[in-house]
Amino acid sequence: MGGAVELEQALADALRLLISGDRALWSIIGLSLSVSLRALACAAPLALVTAFALAYLRFPGQRLLVTLFNTLTAVPAVLVGLLLYLLLSARGPAGDLHLLFTPTAMVIGQFLLCLPLLVALAHGTLRDGDRRAWEAALTLGAAPWRALLTVAHELRFGLLAAFIAAFGRIVAEVGCSMMVGGNILYHTRNVTTAIALETSKGAFATGIALGVVLLAVALVLNFALSWLQGNARPAAWA
């Protein structure tokens, strides 16, 4: 009975934190979304071009690259964080850049995490798509980059789903952000590192509030994708 009352109180406190506009809470949320969106924006063009080359071109080592990207999707976030920490630390090869424990380091880490996943998912979408859009665009004299955009438009919903999955992977990771960000309030503390810290201190209300935000972001993105798909179907059937 006491546990149920405690949970109910934590939920009420979490809702109060969200509604009150707590500065520390919303600073954490803003930083988390900013870092993840920047990492995704940097990774998306490179991932799309790489996935396209793997799906539509033929070159030596192609299968090896596909296997490599598929394998890298399973690399733990904390391992990426460790390697990046060693690279950016004062004694590391890139120590002179002074990027460790900065939002930029977190963006780099999340970029490295989402790039293989984006390549693997986009490659699957492009490989299973209809090659006739690509061939027709080339036949009509389109430049390769215009043909790529045509293919991307035809397969936009599958690619959007890949982007959403990659965003979900990085916005919810904790190991890499903790290693290279340092969990510094108002500077590098994001949603997942804050949840880990607040829960360890027994501040369950803050952890629940931040968890609700993560869930809300995931729901909004997936509902938006479903809405776009639903609106596209009548146009396709018309």
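The values are calculated or read from the model by the stated rules, or taken from the named source; none is laboratory data. The shown structure was predicted, so the numbers you read here are calculated from the model rather than taken from an experiment. With ideal geometry, Cβ positions are generated from the backbone for all residues, glycine too; neighbour counts draw on all protein chains shown.
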Checklist entry - In segment 162-175, which residues are more than 23 Å from Leu48 (Cβ to Cβ) and either small (Gly, Ala, Ser) or crowded, with 23+ Cβ neighbours inside 10 Å (or both)? => result Gly175
Item to check | Filtered residues of segment 133-156 (kept if over 28 Å from the mean Cα position of the chain (by Cα) and in a loop (DSSP other than H, G, I, E, B)) | outcome: Leu140, Gly141, Ala142, Ala143
Item to check | When residues of segment 48-74 are limited to those that are assigned to a helix (DSSP H, G or I), of a type in the set (A, V, I, L, M, F, W, C) and within 21 Å of the chain's Cα centre (by Cα), the one nearest to Val151 (Cα to Cα) | outcome: Phe52
Item to check | Val107 at pLDDT 95 or above, touching a Lys or Arg at 6+ places or on another chain (Cβ under 9 Å) and either assigned to a helix (DSSP H, G or I) or small (Gly, Ala, Ser) (or both) | outcome: yes
Next on the checklist: Condition first: under 18 Å from Ser20 (Cα atoms) and among the hydrophobic types (A, V, I, L, M, F, W, C). Now tell me which residues in segment 195-210 satisfy that.
Outcome noted: Ala203, Phe204, Ala205, Ile208, Ala209, Leu210
Checklist entry - Out of all the residues in segment 171-190, which are of a type in the set (A, V, I, L, M), within 16 Å of Ala105 (Cβ to Cβ) and assigned to a helix (DSSP H, G or I)? => result Met178, Met179, Val180
Next on the checklist: Here is a list: Val180, Val217. Which entry is touching a residue at least 24 places away in the same chain (Cβ under 8 Å), buried (at least 16 other Cβ atoms within 10 Å of the Cβ) and closer than 30 Å to Ser20 by Cβ?
Outcome noted: Val217
Checklist outcome for this item: With criteria (1) over 17 Å from the mean Cα position of the chain (by Cα); (2) among the aliphatic types (A, V, I, L, M); (3) in a helix (DSSP H, G or I), Leu100 comes up short on (3)
Checklist entry - Looking at this structure, is Leu79 within 30 Å of Tyr186 (Cβ to Cβ) and part of a helix (DSSP H, G or I)? => result yes
Checklist entry - Tell me, which residue of segment 73-94 that is in contact (Cβ under 8 Å) with a residue 60 or more places away in the chain, aliphatic (A, V, I, L, M) and buried (at least 17 other Cβ atoms within 10 Å of the Cβ) is farthest from Phe111 (Cα to Cα)? => result Leu88
Next on the checklist: Take the conditions closer than 20 Å to Leu84 by Cβ, touching a Gly at 6+ places or on another chain (Cβ under 9 Å) and assigned to a helix (DSSP H, G or I) and apply them to Thr193. Does it pass?
Outcome noted: yes
Checklist entry - Within segment 188-206, how many residues are in contact (Cβ under 8 Å) with a residue 40 or more places away in the chain and under 18 Å from Leu7 (Cα atoms)? => result 3
Item to check | Top-ranked residue in segment 30-64 [being under 27 Å from Ser177 (Cα atoms) and free of Cβ contacts under 8 Å to residues at least 40 places away in the same chain; ranked as surrounded by the fewest Cβ atoms within 10 Å (Cβ to Cβ)] | outcome: Pro45
Item to check | Residue check, Ala196 touching a Leu at 6+ places or on another chain (Cβ under 6 Å) and at pLDDT below 95 | outcome: no
